[in-house]
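A.B. asks: Right, I'll just put the structure down here and ask away after.
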Amino acid sequence: MIYIILIAAVLLFGAGVLLWSRRQAAKPARQATTPTHDAQVPALRTRMSKARGAFAGALMRISTRSGITTETWTELEEALLLADVGVRVADELLAGLRAGVKAKEIVEPTQLLNALRYEMTARLTGADRALRLVPGPADSPNVWLFVGVNGVGKTTTIGKVAAQQLSEGRSVLMAAGDTFRAAAAEQLTTWAERSGAEIVRGNEGGDPSAVIFDAIERASARHIDLVLADTAGRLHTKSNLMDELSKVRRVAAKGKGRVTEVLLVIDATTGQNGLAQAREFGAATRGVDTPKDETGVTGVVLTKLDGSAKGGIVFAIETELGLPVKLVGIGETMADLVPFDPVEFVDALVQIS
């Protein structure tokens, strides 16, 4: 009797497993939930509500007026300055618009706002915003240096860039050159483990230049395409620290590595202070031995744009310094570090309808 019961139980269990398997096979395959670089990125317009707030009130009042008045120019100037466009850029934009009104090319308030958006977009077009990857021998990796003050999101930016480059089929090695802040090396190590990149790190308080040099040598030996080098978050007002950054830049260019990008990471919430940072970091990272090949800062990564009312700093950086904004951070996820699109940016900043 016991054997009969056991056989029946086995048969019932087998039938249950078979039925469950058939039901599972009939279900549609589940979509992967792991976010990727190709994930849908929310429109910039939805992420720049704070920056747009500097314009919203003025634009609303201007658009509802029957004509272009003295108050129109006052409100427009105040809005531009509040958004941190900068005095020089604001004056130039307003001068062009005034000329259009004087020539009767602009008559209605809506035409004025459309002309403003056109002029702002025109100022940002034409720049080379591509991240530079120069073909070369397999043992000569491209090197991208990331510089900037503490707290701007530099280490997180490196981790996101690494994940994006890996997803595009390139091999990546990270260099934990911020040896003065233990948390920076740990954070970069976490990003390396998460993304699958290799990493070279040194002892806490060690020579940052040595770490970056060792990373480039390892990348060369292993034929790795790209080295992403973190540097200590330096205050641009401290000359000795900036001198050390100059040393990092010189060492990174030695050996078989080729420094093809020096990316300055700026927190959008700092506004005009970002200009001073850009000037000093540009001088500290400019090569002196071969000036035709070694440049200073090659581009800007503007982080925390979604949380700032000072998005207009983009115009000051590009107009006054001639530096292209290449990437912008509009959130915390991997997909929220995106290439800078001037048309989408101006549309988000100067939303008319």
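The values are calculated or read from the model by the stated rules, or taken from the named source; none is laboratory data. The structure displayed is predicted, hence computed values, not measured ones. Positions of Cβ are generated from backbone atoms using ideal geometry, with glycine treated the same way; all protein chains shown enter the neighbour counts.
A.B. asks: Any chance you could count how many residues in region 147-172 are within 21 Å of GLY257 (Cβ to Cβ), surrounded by 24 or more Cβ atoms within 10 Å (Cβ to Cβ) and among the hydrophobic types (A, V, I, L, M, F, W, C)?
C.D. replies: Of the residues in region 147-172, 5 are within 21 Å of GLY257 (Cβ to Cβ), surrounded by 24 or more Cβ atoms within 10 Å (Cβ to Cβ) and among the hydrophobic types (A, V, I, L, M, F, W, C).
A.B. asks: So, in region 20-47, how many residues would count as being aliphatic (A, V, I, L, M), assigned to a loop (DSSP other than H, G, I, E, B) and either in contact with a Gly (Cβ under 6 Å, 6 or more places away or on another chain) or modelled with pLDDT under 50 (or both)?
C.D. replies: Narrowing region 20-47 to residues aliphatic (A, V, I, L, M): 25-26, 29, 32, 39, 41, 43-44.
If we keep only those that are assigned to a loop (DSSP other than H, G, I, E, B) as well, we get 29, 32, 39, 41, 43.
Then drop every residue that is not either in contact with a Gly (Cβ under 6 Å, 6 or more places away or on another chain) or modelled with pLDDT under 50 (or both), which leaves 29, 32, 39, 41.
Final tally of qualifying residues: 4.
A.B. asks: Is it fair to say LEU166 is free of Cβ contacts under 8 Å to residues at least 40 places away in the same chain and on the phi < 0 side of the Ramachandran plot?
C.D. replies: On the way: free of Cβ contacts under 8 Å to residues at least 40 places away in the same chain: yes; on the phi < 0 side of the Ramachandran plot: yes.
The answer is yes for LEU166.
A.B. asks: Output the qualifying pairs, or none if there are none: Cβ atoms under 7 angstrom, residues six or more apart or on different chains, first residue in region 206-227 and within 15 Å of ARG250 (Cβ to Cβ), second residue in a helix (DSSP H, G or I) and among the aliphatic types (A, V, I, L, M).
C.D. replies: PRO208/VAL248; SER209/VAL248; SER209/VAL251; ILE212/VAL248; ILE212/VAL251; ILE212/ALA252; PHE213/VAL251; ILE216/ALA252
A.B. asks: Still on this structure, please answer the following. Among the residues of region 114-136, how many are out of contact with any Leu (no Cβ under 7 Å at 6 or more places or on another chain) and either basic (Lys, Arg) or without any contact (Cβ under 8 Å) to a residue 40 or more places away in the chain (or both)?
C.D. replies: 8
A.B. asks: Hey, any hits in region 234-242 for a residue that's of a type in the set (D, E, K, R), over 29 Å from LEU275 (Cβ atoms) and either modelled with pLDDT of 80 or more or assigned to a loop (DSSP other than H, G, I, E, B) (or both)? It would help to see each step written out before you state the result.
C.D. replies: Within region 234-242, the first condition is being of a type in the set (D, E, K, R), and the residues that meet it are 234, 238.
Checking the rest, the ones that are also over 29 Å from LEU275 (Cβ atoms) come to none.
The answer is no, given that none of the residues of region 234-242 is of a type in the set (D, E, K, R), over 29 Å from LEU275 (Cβ atoms) and either modelled with pLDDT of 80 or more or assigned to a loop (DSSP other than H, G, I, E, B) (or both).
A.B. asks: Within region 320-350, take every residue that is acidic (Asp, Glu) and in contact with a Lys or Arg (Cβ under 7 Å, 6 or more places away or on another chain) and give me the one that is modelled with the lowest pLDDT.
C.D. replies: Checking each candidate, the answer is GLU320.
A.B. asks: Evaluate region 134-155: report whether one residue or more is assigned to a helix (DSSP H, G or I), out of contact with any His (no Cβ under 8 Å at 6 or more places or on another chain) and under 22 Å from VAL200 (Cα atoms).
C.D. replies: yes
A.B. asks: Please tell me if ALA176 is outside any helix (DSSP H, G or I) and surrounded by 21 or more Cβ atoms within 10 Å (Cβ to Cβ).
C.D. replies: Working: outside any helix (DSSP H, G or I): yes; surrounded by 21 or more Cβ atoms within 10 Å (Cβ to Cβ): yes.
Against the criterion (outside any helix (DSSP H, G or I) and surrounded by 21 or more Cβ atoms within 10 Å (Cβ to Cβ)), ALA176 qualifies.
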